[in-house]
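The structure appears below as structure tokens.
The values are calculated or read from the model by the stated rules, or taken from the named source; none is laboratory data. These numbers were taken from a predicted model, which means no experiment stands behind them. Cβ: placed from backbone, ideal geometry, glycine included. Neighbour counts: every protein chain shown. The accessibility values were calculated without ligands, DNA or RNA, using every heavy atom of the protein model including side chains. Shrake-Rupley method; radii C 1.70, N 1.55, O 1.52, S 1.80 Å.
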Amino acid sequence: MSLEFELCPGRPIGGDHPCFIIAEIGQNHQGSMDIAKQMIRMAKECGADCAKFQKSELEHKFNKKALERPYTSKHSWGVTYGDHKRYLEFSHEQYKELYKFAQEVGIFFTASGMDEMAVEFLHKLNVPFFKVGSLDTNNLPYLEKAAKKGRPMVISSGMQSMQTMRDVYKTVKPINTKFCFLQCTSSYPLEPEDANLRIITEFKKEFPDIPIGYSGHETGIAISIAAVAMGAKVLERHVTLDKSWKGNDHQASLEPNELQELVHSIRTVEKAFGSSIKRLLPSEMACHNKLGKSIVAKVTIAAGTALTLNMMTVKVSEPKGIEPEDIFELVGKQVKVNIEADETITDGMIENYSKKS
């Protein structure tokens, strides 16, 4: 069983706990605080556990030339890439306002710290856990510094190899035991054949003492539901209010009706996990009583006769009798009474017979 820990106050993950569902707003807010708040409320109303953003301190995430690079994409919010990113980046004060709003709405709030200074800010903001985006998963100094803060960590694995994930584990584990890995493919939108959900199983084998989850960028909800069925204990999906909006992420994001259906479907699947004990359930009794079969005399059998297999058959009978799986136990047993052909054979008709437990 994977290690269990509280990802957020009062909300453990791992083991038999419900999957923790993160609604990744990222920068799909279009630079608008009003839209950001709408999305936080939407995430709560759809049943997600957490609303997540992306926080960057741009001069620490990008070098000068990267910020000055012309950005002519149809998704651009500025002439240069720096202008584009500044348009979408909320200030510290705005983050504090969003954090407070999420508390009022009643949903957990966090962000991916996209550089070391962003992690410092999020730590001061007192987010419940750090999300490590795939771009920083092989950034071992960053991981060390984040782990030393002592907050739980959710670490995506997009673009990484298994060996890199082993290195990440060895880096984080001695410092902070409260972390999990998410299977992730950094492709937007993700094609089904690249989801590689079997890696969830491999991660569970390779890292048996941490929870494993899934971060999906596919269209639709089927693959994410399958990930939970395969044991994902944290699920992250990008969300939007409108897939037609400007921005790279919207097309690979879920609109409110999809997010609501995803959450509902996951909770249904979790109920369906049920018990690992195979037995006749109370809910099956109606079917069993109506159509369950019993052992029936194939021919007339006189009292004192030792039963043979060709004297018996199996039918839906009235009344119910000895269960079909016990038929071989009856061979060689003597009957105490005359039994008519087609009559149900019951326990009381057989010498020295007790039903198998």
Check: Of these, Glu45, Glu24, which one is open to solvent by less than 10 Å² (accessible area, probe 1.4 Å), modelled with pLDDT of 95 or more and charged (D, E, K, R)?
Finding: Glu24
Next item on the list: Write out, first by first residue and then by second, each pair whose Cβ atoms fall under 8 Å of each other, whose residues are 6+ apart or on separate chains, and whose first residue, in region 325-343, is at negative phi while the second is part of a helix (DSSP H, G or I) and open to solvent by 50 Å² or more (accessible area, probe 1.4 Å).
Entry: Ile327/Leu309; Phe328/Leu309; Val331/Leu309; Lys336/Gly348
Notebook entry, point to check: Name the pairs whose Cβ atoms lie under 8 Å apart, with the first residue in region 106-126 and at positive phi and of a type outside the set (D, E, K, R), the second assigned to a loop (DSSP other than H, G, I, E, B) and open to solvent by 10 Å² or more (accessible area, probe 1.4 Å), and 6 or more positions between them or separate chains?
Noted result: none
Next item on the list: Identify, by number, the condition in (1) assigned to a strand (DSSP E or B); (2) open to solvent by 70 Å² or more (accessible area, probe 1.4 Å) that Ser294 doesn't meet.
Entry: (2)
Note to self: What's the total number of residues in region 48-64 that are farther than 16 Å from Gly26 by Cβ and crowded, with 17+ Cβ neighbours inside 10 Å?
What the structure shows: 3
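Here's the yes/no breakdown for (1) farther than 18 Å from Thr240 by Cβ; (2) open to solvent by 60 Å² or more (accessible area, probe 1.4 Å):
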| site | (1), (2) |
| --- | --- |
| Ser73 | no, no |
| Trp77 | no, yes |
| Lys85 | yes, no |
| Phe101 | yes, no |
| Ile107 | no, no |
Check: Can you name the residue in region 15-57 that is among the small types (Gly, Ala, Ser) and at negative phi and is also farthest from the chain's Cα centre (by Cα) among such residues?
Finding: Ser32
Note to self: Looking only at region 1-21, filter to residues that are surrounded by 23 or more Cβ atoms within 10 Å (Cβ to Cβ) and touching a Pro at 6+ places or on another chain (Cβ under 8 Å); which one of those is farthest from His264 (Cα to Cα)?
What the structure shows: Leu7
Item checked: Any chance Asn289 is at pLDDT below 95 and either in a loop (DSSP other than H, G, I, E, B) or surrounded by fewer than 16 Cβ atoms within 10 Å (Cβ to Cβ) (or both) -> yes
Check: Looking at region 1-14, which of the residues that are among the aliphatic types (A, V, I, L, M) and in a strand (DSSP E or B) is nearest to the chain's Cα centre (by Cα)?
Finding: Ile13
Margin query: Quick check on my filter: what residues within region 116-154 are part of a loop (DSSP other than H, G, I, E, B) and either in contact with a Gly (Cβ under 7 Å, 6 or more places away or on another chain) or more than 23 Å from Leu235 (Cα to Cα) (or both)?
Written below: Lys148, Lys149
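For (1) hydroxyl-bearing (Ser, Thr, Tyr); (2) within 14 Å of Phe53 (Cα to Cα), each residue gets a yes or a no:
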position	(1), (2)
Phe101	no, yes
Glu116	no, no
Lys124	no, no
Phe130	no, yes
Arg151	no, no
Ser186	yes, no
